[in-house]
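What follows draws every value from the coordinates through simple rules; no lab data is involved. If you're wondering where the values come from, they're calculated on a predicted model, not measured in any experiment. Cβ atoms come from the backbone with ideal geometry, glycine included; neighbour counts cover every protein chain shown.
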Amino acid sequence: MKTLFKVWVGCVMLLCVNHARATHIYGGQLSYTHVSGNTYSIVLTLYGDCSAPNSTYLPGKSPLVRLYRRQQFEQNLFLPEDSSQRKEVSPVCPEDVNNTTCKSPTGTLPGAMRYVYTRTVTLPPSADWRIIFQGTINVDGGAGSQAGRSDNITNVSNVGQQLMFLEALLNNSNGNNSSPGYSSEPTPFFCINKQQQYNQGAIDADNDSLVFSLSPALINSSQTVTYVPPYNGAMPLAVAAGSFSFNTASGQLSFQPDRLQRSLVVNKVEEYRNGILVGSSMREMTFIVLNNCDNTPPRGIIDTANITGGAAKDNTINVCANTPELKFTIHPTDADSDNVVVAINNLPQGATASINTSSGQSSIDFSWNTQNVAKGGYHFFVTYTDDACPLFSSQTIAYTINVVDPISISHEVTQPTNCIFRQHIAIHIREGIPPWKVIIRSASGIVLSEHLDSTGLVLDSFKAGAYTVYAASEALQCKTEYSFTVEHSGTYPLPPVVEDIDHCPGDLVKEITAKPVHGATINWYEFEGGRMATPPAYSTDHVRTYNWLVSQQVGICESVKDTMTVTIHDFPDIRILNQPQRVCAGDVVYLSATGGVKYEWLPEDNVAYHNDSAYAYVRQPTTYTVRGYSEYNCPNIDSISYTDIEACCTFSYPNAFSPNGDGLNDGWHPITYGNADFYLLSVYNRWGQRIFISSDPRERWDGTFNGKKSEIGTYHYYLRAKCVTGHEENTKGSFILVR
């Protein structure tokens, strides 16, 4: 044992009553309990500081509670004190119980008294009941006393004359409800730099789902207090870094205060039934952190090395549903070697927890058969109280039994093998406690891959074969194994290689073939889908189109079907564009045809080509034949005959020309009619000098010599020529150049 307080810190004002501002209130809570029918008991609990004149302001008084329904005021309700529940809750060891301010005005130890005010009221079914305490302690002859928040609160700014404001909600439209009961008395005194635990020990008789929160303190129904940064309703305390945590499922608050403070802390609990909010209640307290105490609070530690049927993480024990025997031990400890008294509340139905002191050190032995227990979180509370003197430490810690479905494994094929690839598989991990350690083994037991997964989805690919998946969780003892087999399936990715066949009528039939990959077989189908027992056959006796479907099969995987087409094309409509006409012997005829993509002209020795254009010199009656081909190389022919051949062979000689550039008679040459086998024209000036020569009957002299204009005057010519008809021409003469 040790001395915790030398003197009582009476200067700490927490929640005070107006007028003399001498009555201290550590905190309060507002709740309700269903009695019967539509009758409810409204309960307001206040925790008073005995160092103040509570005998005047708290005992025997009737605080005012207001009732609202659907935002409409219903009635004022004055709650008389139930003196049978008045109790001193000072954290004082038995040796000094008579030395508190509750026992004597001259007491040197802090004294705290619990006052309970209650009254029954009729609350017909409604989804919107609001029960509000706004700080009015008593109404006496029209004068009221009000519980105001102390100016000494350190985490709220502008406290001034703010009143304690507590609100409880009730939705009894679909059934009655009671607020949770609290198994622990609030102890607002904490030692600096000591890890602390605080829990209300909420027990709900209706078995509703409880959700806990640290909530902002209220000024009224729509306004919260203003916190001093960095504090807020969810983080109201000055604590060492990393030491603060709050569990919304159990209401467990853990923290290590690192400075002196008087912090306003509001706990709120909401009740849900089938997902519907059916009620809420609040407890408001002022946490006082002192530096003249060094008591380390006791606690209870789960022996994680000796758990049967489950696994522990922090103060949560996870167990798979229908586990026949869950056993674990909690060891109460006290760093100061004080004796620890243990109280257990809210054990799950059917569970047992015995306190064992036979070994000289107390322990809590927990046992529970979870067969036929619904999955979910089950909370029980253990209050650890040491025997330090003069002030003891008492902490309530929530432990959670988390009953979960065993890990389940399934798989789905996201991409088949197609008889050539690895099969892509999505492995789904469900239930249990993430993260899951997932091990995949082959049929021979070889570990193929390991995963630490929190998503519930493991993606992998596998060859054909048998596999086993093992899934376990560090926070859970039960494990699951799951086997699956990968078999070839799907569609082979490529059809066989086939080439369409094009024919002309009467062609020789070709063999129909398809080129499979190594080891594949070929499947033939009618175009309408019917399977063919043999490869298809066709005939070229007339124009038509054949269509079949073909696939290849590797193992059980058949490819997509491709189309195989055989077309018997018609002959092209080949026509010669030339028209029969009279020509001079030796004329050039350019031959042209249409209807094909290429042409051959006959007779070959009479036809020449220039830039793929066919032409012929017609010297005697001749028939020309063209063989044209379609794009599918199907041929057809057409013919034309030139039979009217004129023996053209005449020459005439102009006597003058005028090369003045007017486009009229600008050049001179003999005018020929017919075609010559030989032609040579020479032009001379008057001095006998040859100034022009040509072997082309179409070429004319332009009146220049060596790039200069020739003089006006008489010029002489000499022509030697021989026509294709055999006639020879040897003629001399003269002509005049004029400008």
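Modelled spin-label separation between Phe484 and Asp507, with each label point placed 7 Å from Cα along the Cα-to-Cβ direction: 5.2 nm.
For the range 500-527, the residues whose backbone nitrogen is under 19 Å from a point 7 Å from the Cα of Asp562, taken along Cα to Cβ, are 500-503, 510-527.
Legend: residue pairs Lys61/Lys268; Lys87/Lys327; Lys61/Lys103, Cα-Cα distance threshold 32 Å; pairs beyond threshold, Lys87/Lys327.
For Cys50, the residues 5 or more places off, or on other chains, whose built amide H falls under 5 Å of its own are Gly111, Ala112, Met113.
Estimate the FRET efficiency between Ser354 and Ser454 by the formula 1/(1 + (r/R0)^6), using the beta-carbon distance for r and 56 Å for R0, to the nearest 0.05. In this case the efficiency is close to 0.90. Using the Cβ-Cβ distance between Ser592 and Asp644 with R0 set to 25 Å, the FRET efficiency from 1/(1 + (r/R0)^6) comes to roughly 0.80. Placing R0 at 51 angstrom, the Cβ-Cβ distance between Thr491 and Arg627 gives a FRET efficiency of 0.60 after rounding to 0.05.
Placing dummy labels 7 Å off each Cα toward the beta-carbon, the span from Arg582 to Arg422 is 9.1 nm. Using all C-alpha to C-alpha distances in the range 523-649, build P(r) with 5 Å bins and read off the rounded percent in each one. The calculated distribution, bin by bin, is 2, 9, 15, 13, 11, 8, 7, 7, 6, 6, 6, 4, 3, 2, 1, 0, 0, 0.
Close amide H partners of Ala614, meaning residues 5 or more places away or on another chain with modelled amide H under 5 Å apart, are Leu591. Each residue of the range 578-583 was assigned a 3J(HN,Hα) from its phi angle through the Karplus curve 6.51 cos²θ - 1.76 cosθ + 1.60 (θ = phi - 60°); the sequence is 5, 10, x, 7, 6, 9 Hz, with glycine and proline shown as x. Where does the Debye-calculated log10 I(q)/I(0) of the range 408-486 sit at q = 0.16, 0.17, 0.25 Å⁻¹, using only Cα point scatterers of equal weight, no solvent? Those come out to -0.55, -0.62, -1.22, one per q.
Sequentially through the range 289-302, phi angles give Karplus couplings (6.51, -1.76, 1.60; θ = phi - 60°) of 9, 10, 10, 10, 9, 9, 6, 8, x, x, 8, x, 10, 6 Hz, Gly and Pro residues having no value and appearing as x.
Taking all C-alpha pairs of the range 575-646, those more than 19 Å from each other amount to 30 percent.
Computed on the chain, with alpha-carbon pairs under 8 angstrom and 6+ residues apart, the relative contact order is 7 percent. Taking 20 Å as the cut-off, the amide N atoms of the range 625-659 that come nearer than this to a point 7 Å along the Cα-to-beta-carbon line of Glu728 belong to 648-652. Counting every other Cβ atom within 10 Å of each residue's Cβ, Tyr609, Tyr470, Tyr40 order from fewest to most as Tyr609, Tyr470, Tyr40. Using 0.36 nm per residue and subtracting the Cα-Cα separation, the extra length available between Val413 and Glu88 on full extension is 110.2 nm.
Remark: C-alpha extents of the range 82-161 on the principal axes read 51, 37, 31 Å, sorted largest to smallest. For the range 338-350, the Karplus equation 6.51 cos²θ - 1.76 cosθ + 1.60, evaluated at θ = phi - 60°, returns couplings of 6, 6, 10, 9, 10, 10, 10, 9, 6, 4, x, 4, x Hz by residue, with Gly and Pro reported as x. As a length-normalised measure over Cα pairs under 8 Å and 6 or more apart, the relative contact order of the range 290-416 settles at 29 percent.
In the range 548-588, which residues have a backbone nitrogen under 13 Å from the label point lying 7 Å from Ser461's Cα in the Cα-to-Cβ direction? Residues passing the 13 Å test: none.
7 Å from Cα along Cα→Cβ at both Gln620 and Thr545: what's the point-to-point distance in nm? Each label point lies 7 Å from its Cα, and together they span 5.1 nm. The ranking of Ser245, Ser363 from fewest to most other beta carbons within 10 Å of each one's beta carbon is Ser245, Ser363.
Across all directions, the average projected area of the convex hull around the alpha carbons of the range 594-719 is 11.6 nm². Residues Ile736, Ile344, ranked from the fewest to the most other C-beta atoms within 10 Å, line up as Ile736, Ile344.
Both the radius of gyration and Dmax for the chain are 56.8, 167 Å, in that order, over alpha-carbon atoms. Would the range 197-309 count as rounded, prolate or oblate if I go by the C-alpha gyration tensor, calling it rounded below 1.5 in a/c and otherwise prolate when a/b exceeds b/c, oblate otherwise? Oblate is the answer for the range 197-309, as a/c is 1.5 or above yet b/c matches or exceeds a/b.
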